[in-house]
Amino acid sequence: MSTALEAASLIMIPNSYSDGLLASVKPNDGAGDFTFSRGSNLSATRVNADGYIEKGRENIVLYSNKFDESYWQKLSGCSILGQTATDPFGVANNAWLVNFDGTTNGRLEKQVSGSQVKTMSIYVRTQSGTQDVIIGFGGNELVTKTITTTWQRIEKFTPDNIYPRLRCDSATTLEVFGFQVELGLVATPYIETGASTGKSGILEDMPRIDFSGGNQSLLLERSRTNLIANSEYLNGISWSGKIGVSFDTNTTTSPEGLDNASLLKEDSSNGSHFAYKDFSLTSGSTYTISIFAKSNGANRNLRFGDGGLGWSSGFNGVFNLTAGTATGGTIEPMGSGWYRCSVTGTANATTCRLIIYSSLNTSTSYQGDGTSGAYLYGFQIEEGFYPTSYIPTYGVSQTRLKDGGTAGDISSIVNSPEGTIFTEFAKIGDFDSFQLDDSTQNNRITLYPRNDTQTITFIFTINGVEVIRENPRPTGLDTTAFNKYAIAWGLNDFRVYVNGLNIYTSTSNITFGSGIIYDLDLTGANHKQFLLFPTALSDEECITLTTI
């Protein structure tokens, strides 16, 4: 098999990537590189190598460390003395001396547009002694911080659209560095900006190398919209009612690795403890509701219910957040006691009610203790039969556009008379997982396992004629798990393999058309690896290659 691997003409293992490009291991001249596009926002996420959810991030203030720019307002006795101090990271002459003359409401500020939930942060220290400063947004959401001669990064979040500011009412000179305003409930690592905003993390056209479950794979998904306007700031949701519960913000570390999880907290009443929300949905469409949850209190579980309003058939998911088990829904471990809990239902009205409970074992009515409940993060409602990767929202619903991945014009590494394709992936939804084609449907090899029927559909089309279309159903195949597939073709030879088994053989005369430009499209799956061989590997080689 080592000889066969050396003979591969294309090897793609998700590893080396940048914004808009995933480089293949072989060939290394760029012929097999994959170009990617996803759209113009930062709504895509992944699970990174440390097991945390990773987002795209953006510092939306300009000139984040150029306070002498006219962009910044220096008001009521605030002035800039110069950039002569050493910053928090030890860089000389990179932090600013900002003077306040003692006038009440002296401040350094800039209006930031947009009414979404956002957090401002700034590094500050005194030159001697201690000093109280006020940070916040305009006249609202203000908080007093006491600073010392040690650098501190002070922060405050708000749902308001107003002026983020640093304010001091005393006569003093402060050392200041790195102003940041970003969407979300907490500050993340500083991003420098100039005349345009600064971005980091999962960018618009960056391939998502995902490590869910410890598997390194290329995550490719169809477009989805999170209909929840505030997926993390649960107090920002216009709940239709809250009975015996409240939501506390920023109470513990979330699956993102930041202290931005909420607590669904029961009161001390003896009765039901739940919140409910009425949604405007499309009758006849199917929706999946998901949330990340973690136990807070002995035997406190989470429960989703349909509230008896607007759903074609009742769905109720009960999630044991201690044992990690579910009844009527799906539960997925995320580490550190966190689980992603999901349920699916079909709307039969334009108004549908969702109830989210804190429950004692399976009971939704019990004596509360005033502190227990469930930690929550990442509330998502999306149209579809299954949950996709988390789409964060901060005041308005967000759409993550389709991941597009194509290796264009790989004709130089496709051998028309014969070849072998090997791929390993976990299916997402019922769509093509890969297609080698001529940019039309006239010449192609397509493979897509189906989640609903556990079948594997493969199609071989030559000059517009379907030579082969089959739908075998290997025993015990779980298409949502990682499986290994191989397709070999040649003269009077067509074979398909999955997990070490030959599931289909044909003596049809299979030969790709010559002189045709071929490209490779990947979608609808977590792709762990993809290999293309210029020869039809033997039965033994294909079995060895696909054996788990």
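Against the condition farther than 30 Å from MET12 by Cβ, in a strand (DSSP E or B), without any contact (Cβ under 8 Å) to a residue 24 or more places away in the chain and not acidic (Asp, Glu), how does SER262 come out, does it pass?
no
Looking only at segment 242-255, which residues are over 15 Å from SER295 (Cα atoms) and either surrounded by fewer than 19 Cβ atoms within 10 Å (Cβ to Cβ) or in contact with a Pro (Cβ under 9 Å, 6 or more places away or on another chain) (or both)?
LYS242, ILE243, SER246, THR249, ASN250
Give me the residue from segment 298-325 that is in contact (Cβ under 8 Å) with a residue 40 or more places away in the chain and more than 24 Å from THR346 (Cα to Cα) and, out of that set, nearest to the chain's Cα centre (by Cα).
Ranking the qualifying residues of segment 298-325, first place goes to LEU321.
Do we have THR446 as at pLDDT below 90, among the polar types (S, T, N, Q), crowded, with 21+ Cβ neighbours inside 10 Å and within 34 Å of the chain's Cα centre (by Cα) here?
When the stated conditions are applied, THR446 does not pass them.
Name the residue, out of GLY395, GLY373, GLY384, GLY368, that is touching a His at 6+ places or on another chain (Cβ under 7 Å) and at pLDDT 90 or above.
On the way: GLY395 fails: touching a His at 6+ places or on another chain (Cβ under 7 Å); GLY373 fails: touching a His at 6+ places or on another chain (Cβ under 7 Å); GLY384 fails: touching a His at 6+ places or on another chain (Cβ under 7 Å).
Going through GLY395, GLY373, GLY384, GLY368 in turn, just one is touching a His at 6+ places or on another chain (Cβ under 7 Å) and at pLDDT 90 or above: GLY368.
Yes/no per residue for (1) of a type in the set (S, T, N, Q); (2) on the phi < 0 side of the Ramachandran plot; (3) surrounded by 21 or more Cβ atoms within 10 Å (Cβ to Cβ); (4) modelled with pLDDT of 95 or more:
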| residue | (1), (2), (3), (4) |
| --- | --- |
| ARG57 | no, yes, no, yes |
| PHE67 | no, yes, yes, yes |
| LYS74 | no, yes, no, yes |
| ILE80 | no, yes, no, yes |
| THR84 | yes, yes, no, yes |
| ALA95 | no, yes, yes, yes |
| THR103 | yes, yes, no, yes |
| GLN111 | yes, yes, no, no |
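Scanning for something assigned by TED's automatic domain parsing to the domain that holds VAL25, closer than 19 Å to ILE428 by Cβ and not basic (Lys, Arg), does segment 497-511 turn up at least one residue?
Checked segment 497-511: at least one residue is assigned by TED's automatic domain parsing to the domain that holds VAL25, closer than 19 Å to ILE428 by Cβ and not basic (Lys, Arg).
List the number of the failed condition for SER43; all other conditions in (1) closer than 23 Å to PHE434 by Cβ; (2) crowded, with 17+ Cβ neighbours inside 10 Å; (3) of a type in the set (Ser, Thr, Tyr) hold.
(1)
Of a type in the set (Lys, Arg), buried (at least 20 other Cβ atoms within 10 Å of the Cβ), out of contact with any helix residue (DSSP H, G or I) (no Cβ under 7 Å at 6 or more places or on another chain) and closer than 23 Å to GLY39 by Cα - does that describe any residue in segment 187-203?
Taking every residue of segment 187-203 in turn, none turns out to be of a type in the set (Lys, Arg), buried (at least 20 other Cβ atoms within 10 Å of the Cβ), out of contact with any helix residue (DSSP H, G or I) (no Cβ under 7 Å at 6 or more places or on another chain) and closer than 23 Å to GLY39 by Cα.
Quick one: which residue in ASP259, ASP267, ASP210, ASP278 is surrounded by fewer than 21 Cβ atoms within 10 Å (Cβ to Cβ) and either under 17 Å from the mean Cα position of the chain (by Cα) or closer than 30 Å to LEU62 by Cβ (or both)? Walk me through it before giving the result.
Working: ASP267 fails: either under 17 Å from the mean Cα position of the chain (by Cα) or closer than 30 Å to LEU62 by Cβ (or both); ASP210 fails: surrounded by fewer than 21 Cβ atoms within 10 Å (Cβ to Cβ); ASP278 fails: either under 17 Å from the mean Cα position of the chain (by Cα) or closer than 30 Å to LEU62 by Cβ (or both).
That would be ASP259, the only listed residue that is surrounded by fewer than 21 Cβ atoms within 10 Å (Cβ to Cβ) and either under 17 Å from the mean Cα position of the chain (by Cα) or closer than 30 Å to LEU62 by Cβ (or both).
Could you tell me whether segment 125-134 includes any residue that is surrounded by 21 or more Cβ atoms within 10 Å (Cβ to Cβ) and of a type in the set (Val, Ile, Thr)?
So far as segment 125-134 goes, yes, one or more of its residues are surrounded by 21 or more Cβ atoms within 10 Å (Cβ to Cβ) and of a type in the set (Val, Ile, Thr).
In segment 165-175, how many are assigned to a strand (DSSP E or B) and touching a Ser or Thr at 6+ places or on another chain (Cβ under 8 Å)?
Counting residues in segment 165-175 that are assigned to a strand (DSSP E or B) and touching a Ser or Thr at 6+ places or on another chain (Cβ under 8 Å) gives 3.
Can you name every one of the strands (runs of 3 or more DSSP E) wholly within segment 2-61 that holds 1 or more residues which are within 27 Å of GLY257 (Cα to Cα) and touching a helix residue (DSSP H, G or I) at 6+ places or on another chain (Cβ under 8 Å)?
Filter on segment 2-61 gives 45-47.
Kindly establish whether SER358 is farther than 19 Å from TRP239 by Cβ, of a type outside the set (A, V, I, L, M, F, W, C) and in the same structural domain as GLY297 (by TED's automatic domain parsing).
So SER358 fails the test.
Looking at (1) in contact with a strand residue (DSSP E or B) (Cβ under 6 Å, 6 or more places away or on another chain); (2) closer than 28 Å to TYR123 by Cα, which one does SER196 not meet, given that it meets all the others?
(1)
Select from segment 350-374 the residues that are touching a Phe, Trp or Tyr at 6+ places or on another chain (Cβ under 8 Å) and either closer than 18 Å to THR388 by Cβ or not hydroxyl-bearing (Ser, Thr, Tyr) (or both) and list them in ascending order.
Answer for segment 350-374, where residues must be touching a Phe, Trp or Tyr at 6+ places or on another chain (Cβ under 8 Å) and either closer than 18 Å to THR388 by Cβ or not hydroxyl-bearing (Ser, Thr, Tyr) (or both): CYS352, ARG353, LEU354, ILE355, ILE356, LEU360.
Can you name every residue in segment 460-515 that is among the charged types (D, E, K, R) and either under 20 Å from ALA8 (Cα atoms) or surrounded by 15 or more Cβ atoms within 10 Å (Cβ to Cβ) (or both)?
Answer for segment 460-515, where residues must be among the charged types (D, E, K, R) and either under 20 Å from ALA8 (Cα atoms) or surrounded by 15 or more Cβ atoms within 10 Å (Cβ to Cβ) (or both): GLU470, LYS484, ASP493, ARG495.
Pairs under 9 Å by beta carbon, first residue in contact (Cβ under 8 Å) with a residue 12 or more places away in the chain and under 20 Å from LYS277 (Cβ atoms) in segment 355-371, partner polar (S, T, N, Q) and assigned to a loop (DSSP other than H, G, I, E, B), six or more apart or different chains?
ILE355/THR364; TYR357/THR364; SER358/THR364; SER358/SER372; SER359/ASN299
Being in contact (Cβ under 8 Å) with a residue 60 or more places away in the chain and either of a type in the set (Phe, Trp, Tyr) or in a loop (DSSP other than H, G, I, E, B) (or both): is that true of TYR71 here?
No, not satisfied.
Results for (1) over 20 Å from SER79 (Cα atoms); (2) modelled with pLDDT under 95; (3) not in a loop (DSSP other than H, G, I, E, B); (4) not assigned by TED's automatic domain parsing to the domain that holds GLY77, shown as yes or no for each residue.
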{"residue": "VAL124", "(1), (2), (3), (4)": "no, no, yes, no"}
{"residue": "SER128", "(1), (2), (3), (4)": "no, no, no, no"}
{"residue": "PHE157", "(1), (2), (3), (4)": "yes, yes, yes, no"}
{"residue": "ASN161", "(1), (2), (3), (4)": "yes, yes, no, no"}
{"residue": "PHE177", "(1), (2), (3), (4)": "no, no, yes, no"}
{"residue": "THR188", "(1), (2), (3), (4)": "yes, no, no, no"}
{"residue": "ILE191", "(1), (2), (3), (4)": "yes, no, no, no"}
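For the structure I just gave you, tell me whether SER37 is more than 28 Å from PHE530 (Cα to Cα) and either at pLDDT below 95 or not hydrophobic (A, V, I, L, M, F, W, C) (or both). So that I can check it myself, show each step before the final result.
On the way: more than 28 Å from PHE530 (Cα to Cα): no; either at pLDDT below 95 or not hydrophobic (A, V, I, L, M, F, W, C) (or both): yes.
It is false that SER37 is more than 28 Å from PHE530 (Cα to Cα) and either at pLDDT below 95 or not hydrophobic (A, V, I, L, M, F, W, C) (or both).
The values are calculated or read from the model by the stated rules, or taken from the named source; none is laboratory data. In this text, all values refer to a predicted model and were calculated from it rather than measured experimentally. Methodologically, a virtual Cβ is constructed for each residue, glycine included, from the backbone with ideal geometry; neighbour enumeration extends over all protein chains shown.
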